[in-house]
1. From the list 270, 281, pick out the single residue that is surrounded by fewer than 13 Cβ atoms within 10 Å (Cβ to Cβ) and within 23 Å of residue 196 (Cβ to Cβ).
2. Specify the residue that is farthest from the ligand (Cβ to nearest atom); the eligible residues are those in the stretch 71-95 that are loosely packed, with under 14 Cβ neighbours inside 10 Å and under 28 Å from residue 153 (Cα atoms).
3. Quick one: count up the residues across the stretch 7-46 that are more than 12 Å from the ligand (Cβ to nearest atom) and part of a helix (DSSP H, G or I).
4. Which numbered condition trips up residue 66, out of (1) buried (at least 18 other Cβ atoms within 10 Å of the Cβ); (2) farther than 30 Å from residue 161 by Cβ; (3) more than 16 Å from the ligand (Cβ to nearest atom)?
5. Quick one: is residue 61 in a loop (DSSP other than H, G, I, E, B) and either surrounded by fewer than 15 Cβ atoms within 10 Å (Cβ to Cβ) or assigned by TED's automatic domain parsing to the domain that holds residue 88 (or both)?
6. Report every pair of residues separated by at least 6 positions or lying on different chains whose Cβ atoms are under 9 Å apart, first residue within the stretch 121-132 and in the same structural domain as residue 104 (by TED's automatic domain parsing) and under 15 Å from residue 95 (Cβ atoms), second assigned to a helix (DSSP H, G or I) and within 7 Å of the ligand (Cβ to nearest atom).
7. So, residue 167, is that one assigned by TED's automatic domain parsing to the domain that holds residue 46, in a helix (DSSP H, G or I) and in contact with a strand residue (DSSP E or B) (Cβ under 7 Å, 6 or more places away or on another chain) or not?
8. Taking the condition of being more than 10 Å from the ligand (Cβ to nearest atom) and assigned to a helix (DSSP H, G or I), how many residues in the stretch 106-129 meet it?
Ligand SMILES: NC(=O)c1ccc[n+]([C@@H]2O[C@H](COP(=O)([O-])OP(=O)(O)OC[C@H]3O[C@@H](n4cnc5c(N)ncnc54)[C@H](O)[C@@H]3O)[C@@H](O)[C@H]2O)c1
């Protein structure tokens, strides 16, 4: 089994939004990074994205120009699967389709050395199912990051049924070595932890708007100026402790039965989906992102995320 000091070469598969960001993080902490994709255009776009992200991090004083230069010099790009031969650690961030992930892992887990550590950044596909095509699945686990990963520090490390404890421990150490905040998800539960919590909130948010209890804008304000402010500093269990077990017990006794228990995709989400309104990427979602509004919204979001991260450091 590898040790943290053996981890030097990091191969990242998929040079999309997530993969490009991973390359910067590992490059910044001195790892030798190879960013692999099947598409030359994706590699070109990733170089541009990395340049833009680095520029923003410098302008927000998160990193110096010198650190950025070193980061970029630690990243190589490849269209060739032979580039996985010397990988000590692999993160797969390719298309979110089981058959594509199976094909990838079947090939790559036979190219890498038999003790390299292998992870998938799947958003929600089953780790156990993906691992069926991984040779030596005891060295394989989920490693789920949050977009934009170079700014948001959480990493969920998900155990598959065959993952060895040593693998989880090493992935945890790797995450700590790049100053992330790892958590262990002990079993392959759908949505892991973050998405289970996120979708529980979304179900209620949709219910509130559908039942005309409050507007989309006001639900967003409740999160941004109320719950979100609190949750950036303390978690739900800490919140209960601060508020009082007695209070949460008594409110819970009448509140839980009032909440949505819908098993369906919300009608307001379905309607936007069927109209082809996919949010920032299409110029319209719950809000208007036409013209340059989408780009400006992303810029403001990233600057705000950085401000919060800095103020809580
Ligand atoms: N975007 C998010 O917010 C987010 C968050 C957490 C997890 N994820 C997960 O991360 C993964 C990547 O997401 P993304 O948003 O970066 O996607 P993306 O579409 O931006 O990038 C995916 C990249 O993978 C490449 N690719 C596809 N098949 C490939 C293959 N067989 N071999 C090598 N490269 C291949 C594509 O060319 C593309 O460049 C997905 O599994 C996704 O569910 C995404």
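The values are calculated or read from the model by the stated rules, or taken from the named source; none is laboratory data. For clarity, every value in this text was computed on a predicted model and none was experimentally measured. Cβ atoms come from the backbone with ideal geometry, glycine included; neighbour counts cover every protein chain shown.
1. 270
2. Ranking the qualifying residues of the stretch 71-95, first place goes to 73.
3. Residues flagged as more than 12 Å from the ligand (Cβ to nearest atom) and part of a helix (DSSP H, G or I) within the stretch 7-46 amount to 5.
4. Exception for residue 66: condition (1).
5. Yes.
6. Within 9 Å, the pairs are 121/18; 121/19.
7. yes
8. Of the residues in that region, 7 qualify.
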